[in-house]
Amino acid sequence: MTSSTDLVSSIIDALRASDNGKSMNLKKLRSSVLTEEDKASKKQFKEAVKQLEKDERVSLSSDGELKLSKSERKSVDDEPTEKKKKSKKEKKQKKEKKSKKRKDTASSDDEKESKKQKKQDETPEEEDDDVEEANGDAENNNEEAEAQNDDPADKNKPCKNNPQGITRLFIGNLPFAITETTLNDFLNGSITHLKWITDKETGKFYGSAFAELRNSKDAAKCMQEINGTQLMGRPIKLNYAPPKDLEDWPPKSRVITGGKVANAGGQAGGKGIKAMSVKPEGCSKLFIGNLSYEIDDEGITKFFMTVDAEIKAVRWLFHQDSGDFKGVGYVDFWNTDACEKAATLNGKNLLGRPIRIDWAE
């Protein structure tokens with residue numbers, strides 16, 4: 001630690017060697033005269049400044065500027081030129097010493113880091129295995145996923161949340177307007193083959209499908225993250241569905257039973273419109289289903305007016321417990337002729353969905 005007398009001299013010399021030869025910011029001054037800015041050195045510096053103020057050799061302004069008194073500035077002008085040069089030389093040597101110390105410290109830190117890295121590089125293989133195991137299964141899971149994507153032999157490899165390595169899923173509660181592209185995007189683009197489930201006789205889409213995914217990891221991810229989420233206003237149901245022993249799966253074509261888009265009404269996988277039941281005599285009331293949740297009285301009225309079928313009344317059905325709209329309702333017409341005209345719209349698109357119509361008593 002520097003003595004008090006030396007520190008006072010250093011402060012005076014630093015002020016004289018400043019840009020204007022008389023003042024310097026206090027913090028900047030402290031950094032220039034102290035080789036080590038620890039707590040003890042800062043305290044000693046503070047006491048030295050107070051002593052100089054007491055002796056009226058310096059003054060401290062409110063903005064933290066320490067300034068030499070007139071007498072000190074005068075004495076420096078009277079000093080021989082050689083002494084001034086000596087003072088500046090000493091100041092320069094102190095700065096170089098301080099800079100060298102900082103470089104030595106940085107060099108020491110680099111050396112420590114280098115030794116640490118070398119030690120890690122020389123860690124035995126047994127220790128590396130312990131470290132990898134301690135880091136958990138996350139990295140291993142990523143490697144498994146990459147392996148499955150790269151190697152077809154690992155397609156059905158058991159994984160977390162899919163111990164049997166199943167790659168086929170059953171998908172239920174699909175909207176009738178669903179398409180292969182929409183469903184594939186919903187399942188993160190992981191579908192390789194798709195089978196719409198339809199009625200064998202009428203070709204009516206049941207709102208469900210079987211999907212073959214790229215690998216067991218993709219299937220597990222869909223079950224964990226997508227099962228129960230909304231698609232086109234419906235909560236989608238997913239289940240693992242391994243093919244039966246003699247079932248020809250996956251199919252030769254990417255999409256089977258109805259193609260990528262269904263009939264003209266946009267019904268996925270469907271080839272035709274479900275036949276309506278026998279019309280009761282004098283019927284003037286229709287059941288309407290597969291409705292968009294955006295439908296309202298005005299919308300349904302305009303829809304049937306396209307065939308000049310004027311509505312008398314409409315009744316929407318709601319879930320008793322939740323109060324949510326069921327997507328179905330009943331429509332009364334003024335006469336049976338209007339009702340028959342309205343029935344011709346069975347399977348036509350209404351707000352993006354093929355409407356389902358049947359006679360009602």
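The values are calculated or read from the model by the stated rules, or taken from the named source; none is laboratory data. From a predicted model like this one, the values you see are computed outputs, not experimental measurements. A quick note on method: Cβ atoms are made from the backbone with ideal geometry, for glycine too, and the neighbour counts reach across all protein chains shown. Heads up: the accessible areas ignore ligands, DNA and RNA and are worked out on the full protein's heavy atoms, side chains in. Shrake-Rupley method; radii C 1.70, N 1.55, O 1.52, S 1.80 Å.
Taking each residue as 0.36 nm, the span from R254 to S61 lengthens on full extension beyond its C-alpha to C-alpha distance by 61.1 nm. The accessible-area ordering, largest first, of the residues R30, R168 stands as R30, R168, per a 1.4 angstrom probe.
Here the label points at K279 and L317, each 7 Å from Cα along the C-beta direction, are separated by 2.2 nm in the simple model. Surface calculation, 1.4 Å probe, protein heavy atoms: H319 sits at approximately 90 Å² accessible. Stretching the chain fully between V328 and S4 yields a gain of 107.2 nm (0.36 nm per residue, less the alpha carbon separation). Pairs with C-alpha atoms separated by more than 28 Å, drawn from the list K46/K92; K204/K312; K217/K252, are K204/K312. On the basis of the beta-carbon distance and an R0 of 30 Å, N161 and L351 show a calculated FRET efficiency of 0.20.
Stretching E294 away from N173 to a fully extended chain increases their span by 41.7 nm, per 0.36 nm per residue minus the current alpha-carbon distance. A simple charge model with +1 on the Cβ of Lys and Arg, -1 on the Cβ of Asp and Glu and nothing else charged puts the dipole of the range 165-251 at about 200 debye relative to its Cα centre. Sorting S4, S216, S284 by solvent-accessible area of protein heavy atoms yields S4, S284, S216, largest first, with a 1.4 Å probe. Placing a label point 7 Å from the Cα of K70 along the Cα-to-Cβ line, the residues of the range 1-30 whose backbone N sits under 20 Å from it are 16, 20-24.
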